[in-house]
Structures are given as structure tokens and as C-alpha cells.
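To start, the structure itself, in C-alpha cells.
The values are calculated or read from the model by the stated rules, or taken from the named source; none is laboratory data. As the structure is a computational prediction, the values presented were derived from the model and not from experiment. No Cβ is skipped: glycine too gets one built from the backbone with ideal geometry, and neighbour counts run over all protein chains shown.
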């Protein structure tokens, strides 16, 4: 299914001016900005002081209000993924954004992948030059939705201290965010094999699971940018071994699978693993 717009909900805010959509954060304190509020929640930017090689570890902290959700990197049938843009004059580049394990939210009206509770998205920045950057100037844009979707955009200017003393609150938030990320594949938790059907309608997976049981794990497959697949057609669990076929919906026109890499996220109880799926 291709992610193109908030097609399944009423969208508010699109008729507003850019200035009305843009919320500017107030003066930052240390390496944590003030909260920027929105009808559906709030968000702020977190960063630790730069390391000696110019690496800056940070995070985008999002707190949806009760009943509201925000989105994973591939949001599902509607919505938009988080977008973060760093101003060139910051002297800082965004190198990576990572995502804690999301929820598959399917209530019969929507089929989304995201977060219905507070979440911190770990960010990695890198200073462009030799000198220490004075601040991170960045704009974050997310979708936050309930019965309607509200585009939520905020601009942050977060001063960076060169002092390398401990930042307990920021460090604790980023440590928790790291723990919420999916595991990498290991011998006891991995996709053992994967194969696409000749008509590209089904993806067959053999998965080694970390524990026994009789409940089918959740499987979220991400394909080309903007495409995510969650529907399992047939599945069988035998203790720590799980086999399933995932329905592959419409792909881009003239899409060539050979040489491409997709990803699979497997959620089994309290553990989750994400791994690439290479197609030779």
C-alpha cells in the first residue's frame, strides 16, 4: 500500500498560512529545548554536548495526548513519517534517525503504524567543520492524529555547550530510547530465509524466534519508500520456528525487485528484531 496522504481522515490546518503552521520554540535550557505544543500533543528537541569527533547524540521527544497517535517511518494506510530538517547555518548535519518499536494500530477504520504513547526518536548529528557548533537549528514536521489529522511543525534553536559535564535528564531519556529500539538479527532471532513469489504477490518468510509459544508474532515488511505490508495470509508457529506468507500489495509501476533491499520487523511478545531482506 502506498503512503500518499491523509486520505482516510479529515485534515485540519492545510488552509492555514505557513506562519500559522510553524511553532517556534522558546529559548532553550542547556541541551533540551522547551516544549512546543499542538492540539494533539507536544514535542521538543534533546541533544548532548558534542563528542571529540563532532558527533552529537540527540532525540526528538514526542508526547501525543491520550487518544492521539503519531507515526513510524512508514506510517501505514495514511499519515506521514517524521521529517527533520537542519538549517545549513547550524554547521551540523543530521546523519541518522532511528525508530523505537512501533504499534500496528488497526481499528477497522485505519491501518496505521506508529505510537500512541510518548516516544523519543534517537538522532545522530555531526558537526560539519572543525569548530564546535554553537547551536542546532532544526525544523521537525510530524503527523499527529485522532479522528482528524493535525500537521504539526516546530522550529528549534538548541544551544550546545562545549562543557562535557553529565546531563542526567537528557542522558536518561536517550538511554531509554536506545533500549526501545528493535534488536539486530541474531542466531536465535532472525529471518532464516525469504522468498518472493513469481507474481510478487506473496513474500514467504521463515523466522527463528527467541522463545516458545503458540502465538503468531507481528511481522511488518517495508519495501520501496512509502510501501509497507502487514497482512499475513498463512502462518504456522512450531515453538521457536515460525513460517508465514505476507501479502504484497501494489508496487510502483515497472518496479524491479532484483538488487533491492527491503526490511522486516518482527515483534514477538516483549522482544522485537529488525533485519534487511536482500533480493538477489
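Side notes on the structure shown:
- Among the residues listed as 5, 78, 17, the single one being buried (at least 21 other Cβ atoms within 10 Å of the Cβ), more than 14 Å from residue 158 (Cβ to Cβ) and modelled with pLDDT under 90: 78
For every residue, the table says whether it meets (1) surrounded by fewer than 16 Cβ atoms within 10 Å (Cβ to Cβ); (2) within 20 Å of the chain's Cα centre (by Cα); (3) modelled with pLDDT under 95.
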site: 142; (1), (2), (3): no, yes, no
site: 150; (1), (2), (3): no, yes, yes
site: 157; (1), (2), (3): no, no, yes
site: 165; (1), (2), (3): yes, no, yes
site: 168; (1), (2), (3): yes, no, yes
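- Here the strands (runs of 3 or more DSSP E) wholly within the range 220-274 that include at least 1 residues being out of contact with any helix residue (DSSP H, G or I) (no Cβ under 6 Å at 6 or more places or on another chain), modelled with pLDDT of 95 or more and more than 20 Å from residue 186 (Cα to Cα) are 232-238, 241-247.
- For the range 160-179, filtering for residues that are under 18 Å from residue 84 (Cβ atoms) and not in a helix (DSSP H, G or I) leaves 1.
- Listed by first and then second residue, the pairs linking a residue in the range 249-261 that is free of Cβ contacts under 8 Å to residues at least 12 places away in the same chain to a residue that is assigned to a loop (DSSP other than H, G, I, E, B) and exposed (fewer than 10 other Cβ atoms within 10 Å of the Cβ), with Cβ atoms under 6 Å apart and 6 or more places separating them unless they lie on different chains, form an empty list.
- Scan of the range 89-146 for residues that are part of a loop (DSSP other than H, G, I, E, B), in contact (Cβ under 8 Å) with a residue 24 or more places away in the chain and farther than 24 Å from residue 47 by Cβ, ordered by number: 109, 110, 116, 146
- Flag if residue 192 is in contact with a strand residue (DSSP E or B) (Cβ under 8 Å, 6 or more places away or on another chain) and farther than 22 Å from residue 38 by Cβ: yes
- Verdict on residue 174 being under 24 Å from the mean Cα position of the chain (by Cα), closer than 30 Å to residue 123 by Cβ, surrounded by 16 or more Cβ atoms within 10 Å (Cβ to Cβ) and in the same structural domain as residue 96 (by TED's automatic domain parsing): yes
- Test: residue in the range 92-99 that is within 13 Å of the chain's Cα centre (by Cα), assigned by TED's automatic domain parsing to the domain that holds residue 149 and surrounded by 18 or more Cβ atoms within 10 Å (Cβ to Cβ): yes
- All positions within the range 62-75 that are within 12 Å of the chain's Cα centre (by Cα) and either outside the structural domain of residue 125 (by TED's automatic domain parsing) or surrounded by 18 or more Cβ atoms within 10 Å (Cβ to Cβ) (or both): 62, 70, 71, 72, 74, 75
- Conditions (1) under 24 Å from residue 262 (Cβ atoms); (2) in contact with a strand residue (DSSP E or B) (Cβ under 7 Å, 6 or more places away or on another chain); number of the one not met by residue 150: (1)
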